1. How about the stretch 287-400: which helices (runs of 4 or more DSSP H) wholly inside it have at least 2 residues that are closer than 23 Å to residue 267 by Cα and of a type in the set (Ser, Thr, Tyr)?
2. For the stretch 15-22, check the following and say yes or no: at least one residue is open to solvent by 10 Å² or more (accessible area, probe 1.4 Å), within 17 Å of residue 235 (Cβ to Cβ), assigned to a helix (DSSP H, G or I) and modelled with pLDDT under 90.
3. Are there any pairs, at least 6 apart or on different chains, whose C-beta atoms fall under 7 Å, with the first in the stretch 95-120 and under 16 Å from residue 171 (Cβ atoms) and the second of a type in the set (Gly, Ala, Ser) and surrounded by fewer than 24 Cβ atoms within 10 Å (Cβ to Cβ), and if so, which?
4. Working only within the stretch 304-337, note down all residues that are open to solvent by less than 10 Å² (accessible area, probe 1.4 Å) and of a type in the set (D, E, K, R).
5. Would you point out the residue of the stretch 47-58, among those that are surrounded by fewer than 23 Cβ atoms within 10 Å (Cβ to Cβ) and assigned to a helix (DSSP H, G or I), that is modelled with the lowest pLDDT?
6. Going by the structure shown, is residue 301 modelled with pLDDT of 85 or more and buried (at least 24 other Cβ atoms within 10 Å of the Cβ)?
7. Is it the case, given these coordinates, that residue 122 is outside any loop (DSSP other than H, G, I, E, B) and under 26 Å from residue 75 (Cβ atoms)?
8. When you look at residue 252, is it within 18 Å of residue 126 (Cβ to Cβ), at pLDDT below 80 and crowded, with 19+ Cβ neighbours inside 10 Å, yes or no?
Amino acid sequence: MFHCIIILYSTHVDQKVFSWTQHTKSLILSAFFWGYLIMNLPAAMIGRRYNNQMLLAMSMTLTVALSLATPMLVVAFNWPILVLIRFLQGLTQAFTMPMIHGISAKWAPPNERGRLVGFVLGGLQFGTVITLVGSGILASTRSGWPSIYYTSGAFGIFWVILWLIFGSESPDTHRLITRSERNYIKSSLTQTVSEKKNLITPWKEIFTSMPVWAVTISHAGHNCGFWLLLSEMPTFISSVLKFDIKSDGFVSALPYLAMWLCQFPVTYFADYMNKKNVTSLTFSRKFWNTLGMSGGALGLMVLGYMGENANAAICMYVFVVAIGCCTNVGFNINHLDLAPNYAGILMGFTNAVAALGGVLAPTVCGFIVHDQTSVDEWRVVFTLGAVILFFSSIFYIVFGSAEVQSWNEPRNENVGVRSFMQMKTDYGSSSKYTSSSSSFVKVTSKYTMFVRQ
């Protein structure tokens with residue numbers, strides 16, 4: 001996320017000015033997702049063998065190191081080194097979502113998944129708010145845009161320390177969790193989370209499962225729309241709507257603040273309706289997913305025809321992003337429903353495919369928008385995003401499900417020579433790793449605040 005800041009805030013009088021073309025900017029913005037795409041599934045597989053807590057810490061440490069080195073390297077080598085840094089950070093950040101879902105599978109009772117996972121993923125939006133607002137302020141100081149990287153790096157180091165102290169994988173042996181809480185969590189997961197250790201990944205069943213593909217298509221469509229807004233709307237706001245640097249930062253952050261605030265009542269209400277059996281889990285997932293994605297598609301279409309009416313465009317921008325919070329109790333949590341034993345693997349797979357959305361959004365935008373002040377060219381971009389969101393939503397309605405899949409109960413075998421491709425998993429109870437439900441939620445939320453650097 002912070003690498004977008006050079007593009008937006010590279011004109012401070014005390015700092016070097018970068019005159020990059022729109023195509024170069026799009027290349028920089030998309031480079032992260034190439035690394036993210038390549039590493040997601042391997043990261044999920046590695047996460048099944050090694051401690052997820054440590055993998056998250058290592059991922060963040062490497063990301064912080066690259067962030068701290070960015071200003072010096074970019075000034076020395078210009079945009080090609082920034083593309084490389086973005087790519088490398090994509091590789092390191094690819095561990096984030098598979099690890100979060102792998103850990104969540106051991107912490108989240110079925111009727112509380114929406115609230116827990118929604119709260120954790122809400123950290124992404126809160127982190128975006130802090131980034132967009134804070135970056136505008138920091139870039140306007142005497143230190144200029146490099147201070148953004150140094151500040152984010154400092155927060156990243158602080159998070160790593162907190163995570164190593166309080167975070168871990170499982171509720172089994174955490175020194176702070178109460179016995180009743182531990183027993184409650186474990187008993188709620190006995191029917192879906194296996195305690196077997198040598199689990200063979202059912203790759204064929206995963207790749208031929210239509211519910212898995214429904215999640216994958218929906219995930220990819222959402223990412224395309226979300227990253228279109230996150231990476232390109234600041235440019236649209238500054239070029240078409242004519243907002244200055246500080247206004248651009250605050251206005252760009254407003255939709256993500258709205259999304260973060262809205263996800264609390266949405267996830268609570270969704271879980272409440274499920275717990276009271278007012279809605280089935282499958283209906284709930286489809287309803288909220290449709291609301292989030294089709295509502296976003298409608299908003300994008302309207303946004304494309306608002307012209308240069310700044311107030312109306314900003315209001316619609318807020319609506320499109322905020323309503324996206326509904327997907328946190330839609331496809332974004334569906335991995336845990338389908339196969340809790342393989343939640344991390346499923347997230348690694350769907351997130352890898354979905355990363356294409358992050359690659360394509362800024363790249364396609366770069367080819368379409370040649371004149372950044374042209375409302376007509378931006379209209380084409382918004383309409384294309386709307387079509388993708390709507391199609392993804394329909395596909396999920398037709399093929400989506402929240403039923404635990406038959407292949408979730410795996411064979412228990414010795415992995416032998418295939419120990420890397422079909423690794424052990426600890427998605428059931430494990431005495432090796434510890435954690436706290438409340439600590440996990442709080443600390444992971446803090447972590448996700450910074451994962452979009």
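The values are calculated or read from the model by the stated rules, or taken from the named source; none is laboratory data. This one's a predicted model, so the numbers in the text were calculated from it and none came from an experiment. Glycine also receives a Cβ, built like all others from the backbone with ideal geometry; neighbour counts cover every protein chain displayed. Please note that ligands, DNA and RNA were not included when accessible areas were found on the heavy atoms of the full protein model with its side chains. Shrake-Rupley method; radii C 1.70, N 1.55, O 1.52, S 1.80 Å.
1. It comes to 375-399.
2. yes
3. Note: pairs meeting the criteria are 107/437; 109/188; 110/188; 120/445.
4. 337
5. Top of the filtered list is 53.
6. In short, no.
7. Spelling it out, it is not the case that residue 122 is outside any loop (DSSP other than H, G, I, E, B) and under 26 Å from residue 75 (Cβ atoms).
8. Criteria met by residue 252.
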